[in-house]
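See below for the structure under consideration.
Taken together, the values in this text are just the output of simple stated rules run on the coordinates, not laboratory data. Computed from a predicted model, the values in this text were never measured in an experiment. Here the Cβ positions follow ideal geometry from the backbone for every residue, glycine too, while neighbour counts run over all protein chains shown.
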Amino acid sequence: MAALLLHRFVRIHRRVPMTAPAAVGAAIFCASSSSSVPHLEMSTSGKEAAAKVELSTKSCVPCNSRDLHAMSEDSAKKSLEQVTGWELKTEGEILKLHRAWKVKNFVKGLEFFQLVAAIAEEEGHHPDLHLVGWNNVKIDVWTHSVRGLTDNDFILAAKINELKLEDLLSKKKATTHE
């Protein structure tokens, strides 16, 4: 497990542009055990924790695959249990994953986006990123080609949840609702 996470850290770390602040590369989290993964609560059962870790170790499939279809809302609700902090939202008739954070300042918001961009590039799956005001970061994840949610979206959300963000986030909680 530790070797796999270290391998992922190295792959993602190499994708961060050289112009990005050093803190961006250093903020990517590398865990040696599931108990140190920040998004897993201590009350989570072993089976649920394993499912969350397993999801974050998967890779996104190409969005042009003929086998890729939007999942039902019921399936999305079940998958949502694996990505702590995210919620489902419907925009138009499109079901999306949504999450919001409050960062310390504008620059920290941009650093956050650099971290997310490194993962998105590695996975070939790109979320909608919003920096609202000077410190409200919002991310919407959905598969544009199928106009809805796929496993790729939950994989990407799980990988975003693994980021070490303590140095970027404000102590005030962000609200996830628009």
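Here are the numbers:
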read-out	value
Looking only at the stretch 90-111, and only at residues there that are assigned to a strand (DSSP E or B) and either of a type in the set (Val, Ile, Thr) or more than 16 Å from the chain's Cα centre (by Cα) (or both), the one that is surrounded by the most Cβ atoms within 10 Å (Cβ to Cβ)	Val103
Count of the stretch 108-157 residues which are of a type in the set (Gly, Ala, Ser) and within 21 Å of Leu68 (Cβ to Cβ)	5
Test result for Thr84, surrounded by fewer than 18 Cβ atoms within 10 Å (Cβ to Cβ), outside any loop (DSSP other than H, G, I, E, B) and among the hydroxyl-bearing types (Ser, Thr, Tyr)	no
Yes/no for Glu122 being outside any loop (DSSP other than H, G, I, E, B) and not hydrophobic (A, V, I, L, M, F, W, C)	yes
The stretch 76-97 - residue that is in contact (Cβ under 8 Å) with a residue 40 or more places away in the chain and among the small types (Gly, Ala, Ser) and, of those, farthest from Asp153 (Cα to Cα)	Gly85
Scan of the stretch 131-141 for residues that are surrounded by 15 or more Cβ atoms within 10 Å (Cβ to Cβ) and over 9 Å from Ala100 (Cβ atoms), ordered by number	Leu131, Asn135, Asp140, Val141
